[in-house]
1. Yes or no: Glu91 farther than 30 Å from Thr338 by Cα, part of a strand (DSSP E or B), of a type in the set (Asp, Glu) and more than 8 Å from the ligand (Cβ to nearest atom)?
2. Met1 is checked against (1) at pLDDT below 95; (2) outside any loop (DSSP other than H, G, I, E, B); (3) farther than 25 Å from Phe115 by Cβ; (4) among the hydrophobic types (A, V, I, L, M, F, W, C) and fails just one. What number does that condition carry?
3. Over 18 Å from the mean Cα position of the chain (by Cα) and farther than 29 Å from Lys397 by Cα, is that true of Gly313?
4. Mind listing whichever residues of region 128-152 are over 28 Å from the mean Cα position of the chain (by Cα) and surrounded by fewer than 16 Cβ atoms within 10 Å (Cβ to Cβ)?
5. Looking only at helices (runs of 4 or more DSSP H) that fall completely inside region 221-331, which ones have 3 or more residues that are in the same structural domain as His348 (by TED's automatic domain parsing) and without any contact (Cβ under 8 Å) to a residue 60 or more places away in the chain?
6. Can you report the number of residues in region 34-64 which are among the hydrophobic types (A, V, I, L, M, F, W, C), in contact (Cβ under 8 Å) with a residue 60 or more places away in the chain and not in a loop (DSSP other than H, G, I, E, B)?
7. Those residues that are under 19 Å from the mean Cα position of the chain (by Cα), over 24 Å from Tyr76 (Cβ atoms) and surrounded by fewer than 21 Cβ atoms within 10 Å (Cβ to Cβ), I need them from region 202-254; list them, please.
8. Across region 374-395, which residue is nearest to the ligand (Cβ to nearest atom) among those that are in contact with a strand residue (DSSP E or B) (Cβ under 7 Å, 6 or more places away or on another chain) and assigned to a loop (DSSP other than H, G, I, E, B)?
Amino acid sequence: MKERFLVKGLAGKKTLKGVIPVFGGKNAVLPLLAATLLTKAPIELYNVPDIEDVKRVGELFEHLGVSFGRVAKDRYSINTSGISNGELNHEIAKRFRASIVLAGPLLARLGQASFPHPGGDVIGERPIDIFLEGFQRMGATLTERDGSYHLEVKKKKLQGMEYFFKLVSVTATETFMMAATLAQGKTVLKNAAMEPEITSLAEFLTSLGAKIVGAGTPVITIEGGTLTGTPKSFMVPPDRLETGSFLILAALAGDTIEITNCNPGEVEVLIEMLRRSGVSLTVKKNSIIVKGNGKVKNSSLSGMNVRTHEYPGFPTDLQAPMTVYLTQVKGESLVFETVFEGRLNYVHDLVRMGADISMWNPHQVMVRGPKVLVGRELESPDIRAGLAFVIAAIVAKGDSVINNVYHIDRGYEEVEKRLRAIGVDIERVK
Ligand code: UD1
């Protein structure tokens, strides 16, 4: 079913008002769901966002023989004791990149796992060589056949390893951390990713009895063994990327907006940059207020250079919303995408809306602002650029249509309802 959003632009007016809550994070919930495969104990997760990627994991779980039941709006109970095979359904797994995070726990628990080359967003080539290398270093044998991978471990036990990441990878760090909890011996991960989702995963694994030191730093040490800890319910942390996107929207189109249920410390880099640009923000323990901006013209805010970086640097997942911000504020800004190839292709659509952006090369664009954006029909290319288009459509003059809403639904729960509550004229049509 192809759904789209119809958005009536505010033509640069800053009238949005009220409270917008942040829901549980896509990038946090996926590894937590994967980690439940490591234990036979029943688990409850809450603050689970109702997003398409979670539904896809539920479908993969069903094929694996895992019981995955929704016990309340945001609460799921998971019981993996009936799991019998380590084969991820290929049709489903191909649809999203994060399906690969299930492979590590399956291999560690069952001694075998098979999966297709994972799909996902169209943001350039996304190899899985690090995953495959690490699994083999932990003692797995790899066979590749017809575009799918089969991994097997003799005597069903992975071995601990010392592994230096040639590139900082978030999901590979999560995968090896999970697999290492059931491996024989010690694993040391060096040049590991430091994203908050890794810290929350380590907290969850520790609650199951894992021995992990250093999560959130570049060196993580895991003592392998068994997971016999007392299971408890665990909260999915709020989505820092949703927090950041709402902050950018509030800065551009808000009168006074409070973003609630969030961890402001996890978007410190964005808060700092918006403050330097001239945005007035009040940061509380679990909320951020963007205030008084109705009176401040966007053209009096200033542009700045943005360079994406691993956490705690500027997240690549906020690069597209930030580029929309830069089209509205004063001055020349250079955006440098350092993490992915092809993650700037969406700028052609912003140019069609009237933005002044020149592409220097696949990694760098120059944005000159402020420019009036005009409503257009747009195709959501990936989850993050999709939400950036929603922000662009809100600040634009005239009406926009955003097709391919599935991409936005992959990561953001009913975003249109929350946007309507602060005054955005947005409608979902089938
Ligand atoms: C995760 C996030 C995604 C975010 C990205 C970077 C999840 C579910 N997704 O994706 O939202 O944009 O981190 O913050 O958490 N690479 C290789 N070989 C590999 C693995 C990665 O070359 O085997 C490269 C990638 O192509 C990329 C870089 O490493 O250039 C970093 O990617 P990585 O951190 O792995 O991204 P994901 O974990 O897939």
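1. No; evaluated as a whole, the condition is false for this residue.
2. With respect to (1) at pLDDT below 95; (2) outside any loop (DSSP other than H, G, I, E, B); (3) farther than 25 Å from Phe115 by Cβ; (4) among the hydrophobic types (A, V, I, L, M, F, W, C), Met1 is out only on (2).
3. Values: over 18 Å from the mean Cα position of the chain (by Cα): no; farther than 29 Å from Lys397 by Cα: yes.
The answer is no for Gly313.
4. Narrowing region 128-152 to residues over 28 Å from the mean Cα position of the chain (by Cα): 139-146, 152.
Within region 128-152, Thr141, Leu142, Thr143, Glu144, Arg145, Asp146 qualify.
5. Details: elements: 240-253, 268-277, 319-328.
By residue number, 268-277.
6. To start, the set of residues in region 34-64 that are among the hydrophobic types (A, V, I, L, M, F, W, C) comprises 34-35, 37-38, 41, 43, 45, 48, 51, 54, 57, 60-61, 64.
Add one more test, that the residue is in contact (Cβ under 8 Å) with a residue 60 or more places away in the chain, and what stays is 34-35, 37-38, 41, 43, 45, 48, 51.
So of that shortlist, the ones also not in a loop (DSSP other than H, G, I, E, B) come out as 34-35, 37-38, 43, 45.
Within region 34-64, residues that are among the hydrophobic types (A, V, I, L, M, F, W, C), in contact (Cβ under 8 Å) with a residue 60 or more places away in the chain and not in a loop (DSSP other than H, G, I, E, B) number 6.
7. Answer for region 202-254, where residues must be under 19 Å from the mean Cα position of the chain (by Cα), over 24 Å from Tyr76 (Cβ atoms) and surrounded by fewer than 21 Cβ atoms within 10 Å (Cβ to Cβ): just Gly216.
8. Across region 374-395, the extreme among qualifying residues is Ser380.
The values are calculated or read from the model by the stated rules, or taken from the named source; none is laboratory data. What you see is a predicted model; the values in this text were computed from it and never measured. Every residue, glycine among them, receives a Cβ derived from its backbone with ideal geometry; neighbour counts consider all protein chains shown.
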